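Data block below; observations after.
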Amino acid sequence: MTEINVEVKIPASKPPIGKDPNPSKLTDGETKTIGKYKYKVIRASDQTLAVIGGTNKKDKSVKIEDKVTFNNMVCTVVEIDKKAFKGYTSLTSVTIGANVKKIGKDAFSGCKKLKKVTLKGKALKTIGKGAFKKTAQKMTVTAKKLTKKQKTALLKKMKKSGMSKKAKIK
């Protein structure tokens, strides 16, 4: 009887083209479009994200969520990046998630029709220069979770960042 040795090579499995081999991994600075918005990883170790823009400059409303799923990981949205929605001339309302701590420079600059901003939480601490420059004259800011003193301080910050002097807070 003759013995035959056959060597079979099985190729190592490769992830499908366009698929991340480590779908549950975050990298600082990594960007991704999820739904209507573009996000950037601020700090992978903390699973924090910034909204860096939208996918449609003609959107009439923007809703920044508290958390989003990025690479199969639930991440907290803590920032609206500089110039994120600059020049969205059809934008009329913005809802800012409870975890957003910072609105970057010129984030909503030039959104001429923006007249309603709703804050869902108390986390907002920093508003960049010109963030609300050239927005609607009669802006209304709703911040139900803030005390009267906090609302007054917030309105002052928003006006300093370019919001109309006629703006009101509820």
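The values are calculated or read from the model by the stated rules, or taken from the named source; none is laboratory data. Since we're looking at a predicted model, the values are computed, not measured. Reconstructed Cβ throughout: ideal geometry from the backbone, glycine too, with neighbour counts over all protein chains shown. Protein only, heavy atoms only, side chains kept; ligands, DNA and RNA dropped before computing areas. Shrake-Rupley method; radii C 1.70, N 1.55, O 1.52, S 1.80 Å.
Look through Ile96, Ile169, Ile80 and report the one residue that is modelled with pLDDT under 95 and of a type in the set (A, V, I, L, M).
Answer to the selection: Ile169.
Pick from region 95-115 the residues that are among the charged types (D, E, K, R) and closer than 21 Å to Gln150 by Cβ: which of them is least open to solvent (accessible area, probe 1.4 Å)?
Ranking the candidates gives Lys102 first.
Go through region 34-54 and report how many residues are open to solvent by 80 Å² or more (accessible area, probe 1.4 Å), among the polar types (S, T, N, Q) and part of a loop (DSSP other than H, G, I, E, B).
Number satisfying all stated conditions: 0.
Specify the residue that is most open to solvent (accessible area, probe 1.4 Å); the eligible residues are those in region 138-148 that are within 9 Å of Val117 (Cβ to Cβ) and among the hydroxyl-bearing types (Ser, Thr, Tyr). Working first, answer last.
Narrowing region 138-148 to residues within 9 Å of Val117 (Cβ to Cβ): 139-143.
So of that shortlist, the ones also among the hydroxyl-bearing types (Ser, Thr, Tyr) come out as 140, 142.
Numbers: Thr140: 42, Thr142: 22 Å².
Across region 138-148, the extreme among qualifying residues is Thr140.
Being crowded, with 19+ Cβ neighbours inside 10 Å and part of a loop (DSSP other than H, G, I, E, B) is the filter here; which residues of region 116-137 pass it? Can you show your working first?
Here is the first cut: in region 116-137, the residues crowded, with 19+ Cβ neighbours inside 10 Å are 117, 119-120, 124, 127-128, 130-132, 135-136.
Hits for region 116-137 are Lys120, Leu124, Gly128, Gly130, Ala131, Phe132, Thr135, Ala136.
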